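To keep things clear, I will list the structure first and then write my remarks on it.
Please treat every number below as a calculation from the coordinates, not as lab data. Just so we're clear, the structure is a prediction, and the values are computed from it rather than from any experiment. All Cβ positions, even for glycine, are placed from backbone atoms using ideal geometry, and neighbour counts span all protein chains on display.
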Amino acid sequence: MKFFADTSDIDEIKALIPTGLLDGVTTNPSIIAKSGREFLPLIKEITEIVSGPVSAEVAATDYETMRKEAEVLRKIADNVAVKVPLTPDGLRVCKELSDDGTMVNVTLCFSAGQAILAAKAGATFISPFIGRLDDLSQQGLDLISDICRIYDNYPQFDTEVLVASVRNPMHIIESAKMGAHVMTAPPKVINQLFNHPLTESGLAAFVKDWEKTGQSIL
Ligand code: G3P
């Protein structure tokens with residue numbers, strides 16, 4: 001499973017790189033607004049430190065403007081994945097960009113039917129938002145299961161399932177069991193995967209016992 005960081009915070013991104021965990025970055029207009037930074041230079045900076053796909057989302061909702069914005073975004077760097085909403089206009093942009101060899105991340109997916117549409121439009125990634133479904137008392141993970149099953153039935157679909165709106169480690173683990181290709185999560189959630197009380201207590205015991213030996217490896 002590929003791990004994308006759902007953040008535009010440069011320090012958070014840089015901290016994940018040495019772990020080898022980071023395969024890409026996703027952003028959205030809310031994340032950009034939170035950063036307080038200029039959008040285009042920020043995306044450029046991220047593409048220079050991350051070799052994998054960096055999602056940058058169009059701001060408009062009509063075809064003509066989205067198409068123009070997409071041109072600007074895709075010229076930032078080869079590893080930009082242009083993010084478009086799951087609307088008829090968004091999928092029209094998706095089809096044109098993917099036919100032209102640009103990566104496209106289709107966002108705001110909340111149903112399996114929408115995921116079929118995105119695959120048919122040639123999306124590189126489909127982003128089902130599972131946390132937001134959970135917020136409405138619907139099982140977000142059921143959507144991942146449905147999309148993975150459907151895509152598996154059609155080998156000609158090469159769209160990757162990018163689990164988004166990830167809120168906790170179980171979202172990641174359960175999506176991985178289902179075979180989702182990618183997940184994007186805030187670094188805080190990625191780092192929660194490290195945590196286990198038995199790892200912590202076991203390490204503390206090893207450190208204590210090692211001290212008793214009075215030895216040093218170096
Ligand atoms: O980037 C899209 C998605 O991951 C947003 O997550 O937490 O705002 O629902 P959230």
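Values for this structure:
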{"quantity": "Helix 63-74 vs. the chain, principal-axis angle (Cα, 0 to 90°, nearest 10)", "calculated": "40 degrees"}
{"quantity": "Selected from Leu108, Leu91, Leu42 as most flexible by GNM, with the chain as the system and alpha-carbon contacts under 10 Å", "calculated": "Leu42"}
{"quantity": "Ranking of Ser8, Ser216, Ser98, Ser201 by count of other Cβ atoms within 10 Å, fewest first", "calculated": "Ser216, Ser201, Ser98, Ser8"}
{"quantity": "For the chain, built as a Gaussian network whose Cα springs stay under 10 Å, the top-fluctuating residue of Val104, Val163, Val50", "calculated": "Val50"}
{"quantity": "Peptides ranked, highest mean first, by Cβ atoms within 10 Å: ranges 134-146, 53-65", "calculated": "53-65, 134-146"}
{"quantity": "Within straight-line cross-link reach of Lys68, lysines at Cα separation under 17 Å, skipping those fewer than 8 residues along the same chain", "calculated": "Lys83, Lys95"}
{"quantity": "Relative contact order (%) - the chain, alpha-carbon pairs under 8 angstrom, separation at least six", "calculated": "17 percent"}
{"quantity": "Principal-axis tilt of helix 197-213 within the chain, Cα atoms, nearest 10 degrees", "calculated": "30 degrees"}
{"quantity": "Order of Leu73, Leu16, Leu218 - criterion: other Cβ atoms within 10 Å of each residue's Cβ, fewest first", "calculated": "Leu218, Leu16, Leu73"}
{"quantity": "Equivalent ellipsoid semi-axes, the range 1-99, via Cα gyration tensor eigenvalues times 5, rooted, Å", "calculated": "24, 14, 11"}
{"quantity": "Of Lys75/Lys120; Lys2/Lys44; Lys34/Lys188; Lys2/Lys34, those spanning more than 18 Å from alpha-carbon to alpha-carbon", "calculated": "Lys75/Lys120; Lys2/Lys44; Lys2/Lys34"}
{"quantity": "Sorted by Cβ neighbour density within 10 Å, fewest at the top, the residues His181, His171", "calculated": "His181, His171"}
{"quantity": "The chain, Cα convex hull volume normalised per residue, Å³", "calculated": "153 Å³"}
{"quantity": "Angle in degrees between helix 88-99 and the longest Cα principal axis of the chain, rounded to the nearest 10", "calculated": "80 degrees"}
{"quantity": "Cα centroid separation, the range 152-199 to the range 72-102 (Å)", "calculated": "23 Å"}
